[in-house]
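In what follows, a single structure is set out as structure tokens and then discussed.
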Amino acid sequence: MITGKLNILLIDGNLNKAVFNSAFEGLTIAHEVTTVANIDAVDNLLAAGAVVPDVIILVTENDRNGLKMLKELKKREVLQKTIFTILADCEKPEFTEQVFMAGANICLKKNVNKSKLIKSISVIASLCWQYITDGLDTEVFLLNLND
């Protein structure tokens, strides 16, 4: 957890690093981003002794698969205090509710334009930093960024 900088783990099956690099470059908070393609890669990182992420951003191609991956990640005890953001289509209120019930803290609409993504990532990073550094209970932290 907090080591002087916000540790962000981006799980993106398409590894769209260029899209997210722009969003992360503008952050004023000290941070480190690690990008992996799937849950197996997360397990490999954790087994290798990597720093436990403060925030996990899960980018999904399919809402059902994203929900399944979220549930699998939440089972890992080492990730219990990690803040989970799911970047999905989130069009239906029922899906957003399922995401929060599965343990996500933040639901971000996937099909946002680049400038909205950059702004949303900045908001997410700032709020997560505040929650973590102030010792607030992340279990009650819910944010729906679907305009």
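The values are calculated or read from the model by the stated rules, or taken from the named source; none is laboratory data. Quantities reported herein were computed from a predicted structural model and do not represent experimental measurements. Counting neighbours? That spans all protein chains shown, and the Cβs are built from the backbone with ideal geometry, glycine included. With ligands, DNA and RNA removed, areas are computed over all heavy atoms of the protein, side chains included. Shrake-Rupley method; radii C 1.70, N 1.55, O 1.52, S 1.80 Å.
When the residues 60, 28 are ordered by accessible surface, computed with a 1.4 Å probe over the protein chains alone, the sequence from largest down reads 28, 60.
The Cβ shell under 9 Å around residue 59 holds other residues with a net charge of -1, Lys and Arg each +1, Asp and Glu each -1. Highest mean packing first, where packing is the average number of other Cβ atoms within 10 Å per residue, the peptides 126-132, 139-145 line up as 126-132, 139-145.
Give me the net charge of residue 128's neighbourhood, meaning all other residues with Cβ under 14 Å from the Cβ of residue 128; Lys, Arg count +1, Asp, Glu -1. Combined, the nearby Lys, Arg, Asp and Glu give -3.
From the alpha carbon centroid of the stretch 25-64 to that of the stretch 82-147 is 15 Å. Estimated translational diffusion coefficient (Stokes-Einstein, Kirkwood radius over Cα pairs, 37 °C, 0.692 mPa s) of the chain: 217 µm² per second.
Residue 84 sits among other residues whose Cβ lies under 13 Å from its own Cβ, and their net charge, with Lys and Arg +1 and Asp and Glu -1, is +2. Hydrophobic long helices, here whole DSSP H runs in the chain with Kyte-Doolittle means of at least -1.0 and Cα atoms spread over 20 Å or more along the helix axis, are found at 114-133. Net charge dipole, the chain: roughly 200 debye, given to the nearest 20, about the Cα centre with Cβ charges of +1 for Lys and Arg and -1 for Asp and Glu. What the chain shows is 53 Å² of accessible area per residue, with the surface traced by a 1.4 Å probe over protein heavy atoms.
When the trypsin sites (Lys or Arg not before Pro) in the stretch 27-85 are filtered for DSSP coil states and for at most 11 other beta-carbon atoms within 10 Å of their beta-carbon, the remaining sites are 75. Cβ-Cβ distance of residue 101 and residue 44, R₀ of 22 Å, FRET efficiency by 1/(1 + (r/R0)^6): the value works out to about 0.20. For the pair residue 51 and residue 122, label points projected 7 Å from Cα toward Cβ lie 2.3 nm apart. With both labels modelled 7 Å from their Cα along Cα-to-Cβ, the residue 72 to residue 91 distance reads 2.6 nm.
For the stretch 68-145, the fraction of 1.4 Å probe accessible surface lying on carbon and sulfur atoms is 53 percent. Note on residue 134: accessible area approximately 110 square angstrom, rounded to 10, probe 1.4 Å, nucleic acids and ligands left out. Normalising the average separation of contacting C-alpha pairs (under 8 angstrom, six or more residues apart) by the number of residues puts the relative contact order of the stretch 1-123 at 27 percent. When 101, 69 are compared by accessible surface with a 1.4 Å probe, the order from highest to lowest is 101, 69. Taking 17 Å as the straight-line reach from the Cα of residue 92, the aspartates and glutamates in range (excluding those fewer than 8 positions away in the same chain) are 61, 63, 147.
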